[in-house]
Amino acid sequence: MLDFDILGVLIASIPLLFFVIISLIKKNKLINIFVSATFYIYLIALISITFFPIPIDKAIINDYNNIGLHYSNNFIPFESIYKILSTNTVEVSAKQILGNLILLLPFGFYLPLIFKNGCSFWKAIILGLTFSVIIELIQFLISAFINFTYRITDVDDIILNTTGCILGFLVYKLSSPLLNTLFNRSSITIANKG
């Protein structure tokens, strides 16, 4: 298994360390450094959750394929959600659905923070949808490359992830007056574009 272990964390920390040092030397605002650094950490965590571990042992992959132990992709909207709700307990269903909703919720929250001119509602939807599609596409390509469906490529994941992104955006929109007061940062206010 190719896992995102301590070595991966250390490698991912190098660009972050350089960014923080350079930003401090340039005397950038601490809040800007904080927002950028935490967004980077979130993206790294997202990568580790959505793409790893990756099975790379060909013998094990062949064994899995021979006994039919692999996942099936889903390209029918709401089919996976229906199966989850109809075949699992409330706790399991909530865990699986909420997990996909929460995955891109921080992404939606960060969008207005990382764009200097703010982020409109429709822009957040488009970016959330695009980012979610990219995640599913990469998972699909990795599965094709290793000849084993190690992660399901699921249109319902895209629906739930995008919905989570929208929720994150709305959470920011509701909390932006408080954030603006706390940080006294003009660029923290959402642009009223949508």
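Any read-out appearing in this document is the output of simple, stated calculations on the displayed coordinates, not a laboratory observation. Treat the numbers as computed from the prediction; the structure is a model and nothing was measured. Cβ: placed from backbone, ideal geometry, glycine included. Neighbour counts: every protein chain shown.
Quick one: the Cα spread of the range 80-129 along its three principal axes, in angstroms, biggest first?
Here the spans come out as 45, 15, 10 Å, largest first.
Among PHE52, PHE34, PHE140, which one shows the highest mean-square fluctuation when the chain is modelled as a Gaussian network with alpha-carbon springs under 10 Å?
PHE34
Just in the range 81-177: which trypsin sites (Lys or Arg not before Pro) are loop by DSSP and have at most 16 other Cβ atoms within 10 Å?
Listed in order of number, the matching sites are LYS116.
What number in nm² do you get for the range 121-172 if you take the convex hull of its Cα atoms and divide its surface by four?
3.5 nm²
Within a 10 angstrom radius of the beta carbon, how do TYR172, TYR42 rank from fewest other beta carbons to most?
Lowest to highest Cβ neighbour count: TYR42, TYR172.
If each residue's Cβ is checked for other Cβ atoms within 10 Å, how do VAL20, VAL92 rank with the fewest at the top?
VAL92, VAL20
Taking Cα pairs under 8 Å and at least six residues apart, what relative contact order does the chain come out at, in percent?
27 percent
For the chain, set up a Gaussian network in which alpha carbons nearer than 10 Å are linked by springs, and say which option among ILE125, ILE56, ILE114 fluctuates the most.
Its mean-square fluctuation being the largest, the pick is ILE56.
Number of Lys-Lys pairs in the chain under 29 Å by Cα, sequence gap 8 or more or different chains?
For the chain, the number of qualifying lysine pairs is 15.
Which trypsin sites (Lys or Arg not before Pro) does the range 1-74 hold that lie in a coil by DSSP with at most 12 other beta carbons within 10 Å?
Answer by residue number: LYS26, LYS27, LYS29.
Give the average over all directions of the projected area of the C-alpha convex hull of the chain, one decimal, in nm².
13.4 nm²
Only helical DSSP H runs with n ≥ 4 go in: add -39500 (n - 2.57) per run for the chain, normalise by residue count and round the 222 nm mean residue ellipticity to 500 deg cm²/dmol.
-24000 deg cm²/dmol
Using only the Cα atoms, work out Rg/Rh for the range 1-53, with Rh taken as the Kirkwood radius, to two decimals.
1.07
Using Cα springs under 10 Å in a Gaussian network model of the chain, which residue among GLU91, GLU79, GLU136 shows the largest mean-square fluctuation?
GLU91
Which helices of the chain meet both criteria: a Cα extent of 18 Å or more along the helical axis and a mean Kyte-Doolittle score no lower than 1.0, with helices taken as whole DSSP H segments?
Going by DSSP H runs, the hits are 6-25, 30-51, 90-103, 121-146, 155-183.
List the residues, sorted by chain then number, that are 5 or more residues from ASP154 or on another chain and whose placed amide H is less than 5 Å from its amide H.
ASN74
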